[in-house]
(Lines give C-alpha, C1' and ligand atoms only; values in the text may rest on other atoms or scores of the structure.)
Protein backbone atom coordinates (compact mmCIF):
# COMPACT_ATOMS: atom_id res chain seq x y z
CA UNK A 1 0.00 0.00 0.00
CA UNK A 2 1.35 3.42 -0.93
CA UNK A 3 1.77 6.00 1.78
CA UNK A 4 0.43 9.49 1.33
CA UNK A 5 4.01 10.73 0.99
CA UNK A 6 4.64 8.26 -1.87
CA UNK A 7 1.41 9.27 -3.58
CA UNK A 8 2.31 12.93 -3.13
CA UNK A 9 5.63 12.51 -4.95
CA UNK A 10 3.99 10.65 -7.85
CA UNK A 11 0.99 12.87 -8.45
CA UNK A 12 -0.08 16.46 -8.09
CA UNK A 13 0.28 17.80 -4.54
CA UNK A 14 -2.60 17.01 -2.22
CA UNK A 15 -3.54 19.13 0.74
CA UNK A 16 -4.65 17.23 3.78
CA UNK A 17 -6.64 19.08 6.40
CA UNK A 18 -6.30 18.47 10.09
CA UNK A 19 -6.98 15.04 11.54
CA UNK A 20 -10.14 14.71 13.60
CA UNK A 21 -10.42 12.69 16.77
CA UNK A 22 -13.95 11.93 17.92
CA UNK A 23 -14.69 10.93 21.49
CA UNK A 24 -18.17 9.45 21.43
CA UNK A 25 -20.64 8.88 24.24
CA UNK A 26 -18.34 9.23 27.22
CA UNK A 27 -20.80 8.40 30.01
CA UNK A 28 -20.07 9.89 33.42
CA UNK A 29 -21.85 10.93 36.60
CA UNK A 30 -21.58 14.29 38.32
CA UNK A 31 -23.47 16.85 40.33
CA UNK A 32 -25.20 19.01 37.72
CA UNK A 33 -28.06 21.41 38.22
CA UNK A 34 -29.30 24.08 40.57
CA UNK A 35 -32.43 22.51 42.04
CA UNK A 36 -32.02 21.23 45.62
CA UNK A 37 -32.34 17.54 44.66
CA UNK A 38 -29.79 17.98 41.84
CA UNK A 39 -27.24 19.32 44.32
CA UNK A 40 -27.43 16.21 46.50
CA UNK A 41 -27.34 13.35 43.99
CA UNK A 42 -25.19 12.69 40.98
CA UNK A 43 -26.74 12.50 37.54
CA UNK A 44 -25.71 10.95 34.27
CA UNK A 45 -24.15 13.06 31.55
CA UNK A 46 -22.89 12.08 28.11
CA UNK A 47 -19.94 13.84 26.50
CA UNK A 48 -19.11 13.94 22.80
CA UNK A 49 -16.05 15.79 21.56
CA UNK A 50 -14.57 16.40 18.14
CA UNK A 51 -10.95 17.57 18.14
CA UNK A 52 -9.21 18.72 14.96
CA UNK A 53 -5.43 18.80 15.12
CA UNK A 54 -2.45 19.26 12.88
CA UNK A 55 -1.18 15.72 12.38
CA UNK A 56 1.41 16.13 9.62
CA UNK A 57 4.23 14.89 11.85
CA UNK A 58 2.18 11.85 12.90
CA UNK A 59 1.37 11.08 9.25
CA UNK A 60 5.05 11.15 8.35
CA UNK A 61 6.58 9.43 11.36
CA UNK A 62 4.01 6.89 12.56
CA UNK A 63 5.28 7.64 16.08
CA UNK A 64 2.98 8.07 19.08
CA UNK A 65 4.82 11.14 20.37
CA UNK A 66 3.92 13.00 17.16
CA UNK A 67 0.18 12.39 17.57
CA UNK A 68 -2.29 14.09 19.88
CA UNK A 69 -2.74 11.95 23.00
CA UNK A 70 -6.51 11.65 23.26
CA UNK A 71 -6.17 9.37 26.29
CA UNK A 72 -4.69 12.23 28.32
CA UNK A 73 -7.47 14.58 27.17
CA UNK A 74 -10.15 12.03 28.09
CA UNK A 75 -8.62 11.36 31.51
CA UNK A 76 -8.55 15.10 32.26
CA UNK A 77 -12.21 15.40 31.21
CA UNK A 78 -13.18 12.45 33.43
CA UNK A 79 -11.33 13.85 36.45
CA UNK A 80 -12.88 17.29 35.96
CA UNK A 81 -16.43 15.94 35.65
CA UNK A 82 -16.25 13.40 38.46
CA UNK A 83 -14.50 15.81 40.83
CA UNK A 84 -16.72 18.80 40.18
CA UNK A 85 -20.09 20.31 40.91
CA UNK A 86 -21.83 22.34 38.24
CA UNK A 87 -25.04 24.33 38.10
CA UNK A 88 -25.17 24.78 34.33
CA UNK A 89 -24.47 22.57 31.33
CA UNK A 90 -22.95 25.65 29.70
CA UNK A 91 -20.25 25.90 32.38
CA UNK A 92 -19.41 22.22 32.20
CA UNK A 93 -19.27 22.30 28.38
CA UNK A 94 -17.02 25.38 28.51
CA UNK A 95 -14.63 23.68 30.95
CA UNK A 96 -14.45 20.56 28.80
CA UNK A 97 -13.89 22.62 25.65
CA UNK A 98 -10.94 24.33 27.37
CA UNK A 99 -9.46 20.90 28.12
CA UNK A 100 -10.04 19.73 24.52
CA UNK A 101 -8.34 22.74 22.92
CA UNK A 102 -5.51 23.15 25.43
CA UNK A 103 -2.79 21.50 23.30
CA UNK A 104 -1.03 23.76 20.80
CA UNK A 105 -1.58 21.01 18.19
CA UNK A 106 -5.35 21.49 18.32
CA UNK A 107 -6.77 23.81 15.67
CA UNK A 108 -10.47 23.43 16.53
CA UNK A 109 -12.65 21.54 18.98
CA UNK A 110 -16.33 21.02 19.62
CA UNK A 111 -17.84 19.57 22.79
CA UNK A 112 -21.42 18.47 23.40
CA UNK A 113 -22.68 17.67 26.89
CA UNK A 114 -26.01 15.85 27.19
CA UNK A 115 -28.06 15.56 30.36
CA UNK A 116 -30.35 12.58 29.73
CA UNK A 117 -33.90 12.78 31.05
CA UNK A 118 -33.59 16.46 32.04
CA UNK A 119 -37.01 17.10 30.54
CA UNK A 120 -40.02 14.91 31.05
CA UNK A 121 -40.79 14.10 27.40
CA UNK A 122 -37.28 14.43 25.94
CA UNK A 123 -34.46 11.92 25.75
CA UNK A 124 -31.92 14.57 26.60
CA UNK A 125 -31.02 18.23 26.83
CA UNK A 126 -27.61 19.20 25.44
CA UNK A 127 -25.28 22.14 25.12
CA UNK A 128 -22.71 22.30 22.31
CA UNK A 129 -19.77 24.70 22.25
CA UNK A 130 -16.91 25.06 19.79
CA UNK A 131 -13.69 27.02 19.60
CA UNK A 132 -10.91 27.58 17.09
CA UNK A 133 -7.34 28.51 17.76
CA UNK A 134 -6.23 31.71 16.09
CA UNK A 135 -3.55 30.82 13.57
CA UNK A 136 -0.91 33.36 12.80
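The values are calculated or read from the model by the stated rules, or taken from the named source; none is laboratory data. This structure is a prediction, so every number in the text was calculated from the model and none was measured. Here the Cβ positions follow ideal geometry from the backbone for every residue, glycine too, while neighbour counts run over all protein chains shown.
Helices (runs of 4 or more DSSP H) fully within the range 52-136 that include at least 2 residues being surrounded by 18 or more Cβ atoms within 10 Å (Cβ to Cβ) and touching a residue at least 12 places away in the same chain (Cβ under 8 Å): 70-82, 89-101. Scanning the range 85-107 for residues that are out of contact with any strand residue (DSSP E or B) (no Cβ under 6 Å at 6 or more places or on another chain) and more than 18 Å from residue 24 (Cα to Cα) gives 87, 88, 91, 102, 103, 104. Per the conditions (1) surrounded by fewer than 12 Cβ atoms within 10 Å (Cβ to Cβ); (2) in contact (Cβ under 8 Å) with a residue 60 or more places away in the chain, the sole criterion not satisfied by residue 44 is (1). The set of residues in the range 19-40 being surrounded by fewer than 16 Cβ atoms within 10 Å (Cβ to Cβ) and not in a strand (DSSP E or B) consists of 34, 35, 36, 37, 39, 40. Taking the criterion of being closer than 20 Å to residue 73 by Cα and modelled with pLDDT under 95, the residues of the range 1-44 that qualify are 18, 19.
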